[in-house]
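Data first, discussion second: the structure below is written as structure tokens.
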Amino acid sequence: MKYKLSIIGSLVYCAIGAAFTSCYNEYDAPGETVKDWAGTSERFVPTDERGFTTFYTPYMIKPTDNVGGIGDPMPFYDAKNSEFKVLYLQDYANNKPYCFHPYWGLKTKDCSSYESLGEILSVGSNDFQQDAALGTGCCFYNETDGLYYIYYTGENGKCTNRQVVMRATSHDFKTWTRDNLWQLNGPEYGYNGFDFRDPQIFKGDDGKFHMVIATRPQAGGNGIFAEFVSADMKNWENAGSFPMVWDRFCECPDVFKMGNWWYLVYSESFQTSWSRKVKYMMADSWENLKKCFNDPGANWPKDGREGVLDSRAFYAGKTASNGTDRYIWGWCPYRPIDDIDARNINVGAGDGNEPKWGGALVCHKVLQHEDGTLTLTAVPSLNNKYNKPQTVREMESKGYANGKLTGEGAYVLYNRLGYHNHMSFTVKTAGNTDKFGVSLFRGSDSKKYYTMVFNPEGENDRKINMEQEGAEGKGFIEAVDSYKFQRPTDNVYNIDIYTDNSVFVIYVNDNICYTMRLYGIQKNCWSINNYGGEIEVSNLKVSAY
């Protein structure tokens, strides 16, 4: 099918039947016919849209805009307006020295579409203020005095204490007043003045407000959590401290009660790449939860994964609940690149070329199991958003017949995806050690492409790894793998993959969550692969918005 369209630069939008909601088309020269996207399978290098709506990213008018990305989300449920609000550190592409990371905000009712609230709390006007730069904090509404409170990290390396805890208040969430007469300074309580950050507030069973702060002893050393307690949200008393996880610094603490269990969600330091994951501890009371950290190895949740919730591409996760459901927000990083319009570099993490700080906002629903352990699953509203069925066609295959992929190297290549996709399907392996994968950014002519491999780690464990396959592929990609999880006893994997431009999430059996950024997904084919033995693929559907 041929279409003649006016040219806007070298790329224009088109509609091609039911196969896509929209797509880019490329001319080799003015006047030549449009490529037959629906009938071809060659590799294409696309460009991300200027803003993401599901995995929210601020909108760019042009690539050189100083927009940047999302840093450290701080969600809470605003019961007055029946909506979630998500504050975040606005990370500009070119932050000013000393004065950086103002608080911006979003609001959402369904956790899959967002409306920007713009800047909520500004940075300091000069580089001599204690809060010249802002660090992670939290927002809490106090019903007693009718005030919204933001407790935040004021950061300035020129001050006596690099980091202190500060606050601002508002009656309407629009106009904020800084309380310049109040600060929590770590050294006054025997804590460190260099690391004293990320305050998080929750209400305990004792009816008091509790604040947890990530810090170190005043003289330095391993990280600790400091606790402060208040009866009125204004005056705070030191309630002691408890250790972090061994010698790892744990950022962005989040404490909540869900059912009969207490949880502390934390992010092991972004500077320690091998352990850079969001994790949790659980106990039957707040006091026992703190004791878990005295011996973390003996007290990991009994979930077989040491409390890990997602891959290394989901960071600074914090939760909020509307009283019925709880969700967690974190950010998926950009990869370091030189050309913002050619974001197709998908290797490098783990070899001295770590991902950039900040990126796209990703939200999951928190699922609590009967034993109290937690996993992450898809936000329910995603199915309503990705509601346009797409035509699925087999472009080429090897070792594929009657829904089964048999033997080493078997695969089936499907037609091109759009910009926002939901792929759902079921894989059943014939044996306990059979290995399979899902390839994205793959063309029939690709010399290298990327696969999320469900890799056997023994007979009973699995782990999702990213591998660069093909004749020029480098194999395993460092620092973007997931975590060990138990093989389904029936060898059935119900898989849902949601994509928004270069960010995607894989959910498996409401038990496994794998977030990642992969440039080049949109407008390319994808495949399901087998690496020995036999797998059966069924219930395959693709939808979009």
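Geometric descriptor of the chain, per residue, is 154 Å³ (volume of the convex hull of the Cα atoms). Heavy-atom accessible surface of segment 438-545, averaged per residue, reaches 30 Å², computed with a 1.4 Å probe.
Based on alpha carbons, the Rg and Dmax found for segment 410-545 are 13.8, 39 Å. Highest mean packing comes first when the peptides 509-518, 172-181 are listed by Cβ atoms within 10 Å, giving 509-518, 172-181. Computed over protein heavy atoms with a 1.4 Å probe, the accessible surface of segment 42-138 works out to 40 Å² per residue. Helical runs assigned H by DSSP (4 residues or longer) give the chain a calculated mean residue ellipticity at 222 nm of -500 deg cm²/dmol, each run adding -39500 (n - 2.57) before division by the residue total. Whole-percent P(r), segment 203-287, all Cα pairs, 10 Å bins from 0: 16, 46, 31, 6, 0. Summary value for segment 458-513: 26 percent relative contact order, contacts being C-alpha pairs under 8 angstrom separated by 6+ residues. For the listed peptides 532-540, 80-88, a ranking on the average number of other beta carbons within 10 Å per residue, highest first, reads 80-88, 532-540. Using the alpha-carbon positions of segment 75-115, Rg (one decimal) and Dmax (whole number) come out as 12.9, 38 Å. Working from Cα pairs under 8 Å separated by at least six residues, relative contact order for the chain is 13 percent.
Averaging the Cα positions of each part gives two centres, and for segment 357-400 and segment 114-167 these lie 34 Å apart. Nonpolar atom fraction for segment 463-543, defined as the carbon and sulfur part of the 1.4 Å probe accessible area, stands at 41 percent.
When you restrict to C-alpha pairs under 8 Å that are six or more residues apart and normalise by the size of segment 390-488, the relative contact order lands at 16 percent. When you filter the trypsin sites (Lys or Arg not before Pro) in segment 285-330 for DSSP loop state and at most 11 other Cβ atoms inside 10 Å of their Cβ, you are left with 302.
Compactness check for segment 466-514: Cα Rg over 2.2 N^0.38 Å is 1.36. Between residue 171 and residue 397, the distance separating the two model label sites (each 7 Å from Cα on the Cα→Cβ line) works out to 6.7 nm. Residue separation of residue 239 and residue 474 scaled by 0.36 nm, minus their Cα-Cα distance, works out to 79.5 nm of gained length. Overall dimensions of segment 102-191, expressed as equivalent-ellipsoid semi-axes from the Cα gyration tensor (√(5λ), whole Å, largest first), are 25, 16, 12.
Taking R0 as 30 Å, what FRET efficiency do you get between residue 93 and residue 539 from their Cβ-Cβ distance, rounded to the nearest 0.05? For R0 = 30 Å, the calculated efficiency reads 0.10. Between residue 78 and residue 231, the contour length at 0.36 nm per residue exceeds the Cα-Cα span by 53.0 nm. All alpha carbon pair distances within segment 288-332 were sorted into 10 Å bins beginning at 0; the resulting P(r) in whole percents reads 22, 37, 39, 2.
Packing-based ranking of 191-198, 229-236, 253-260 yields 191-198, 253-260, 229-236, ordered from highest to lowest mean Cβ neighbour count within 10 Å. Give me the percent of the accessible area of segment 116-240 that comes from carbon and sulfur atoms, probe 1.4 Å, all protein chains in place. Heavy-atom surface of segment 116-240 belonging to carbon and sulfur, 1.4 Å probe: 46 percent. In plain terms, the chain from residue 206 to residue 119 could stretch by 27.8 nm, reckoned as 0.36 nm per residue minus the Cα-Cα distance.
The values are calculated or read from the model by the stated rules, or taken from the named source; none is laboratory data. Because the structure is a prediction, the values reported are computed rather than measured. Here Cβ is always computed from backbone atoms with ideal geometry, including for glycine, and neighbour counts include all displayed protein chains. What goes into the accessible areas is simple: the full protein's heavy atoms, side chains included, and nothing from ligands, DNA or RNA. Shrake-Rupley method; radii C 1.70, N 1.55, O 1.52, S 1.80 Å.
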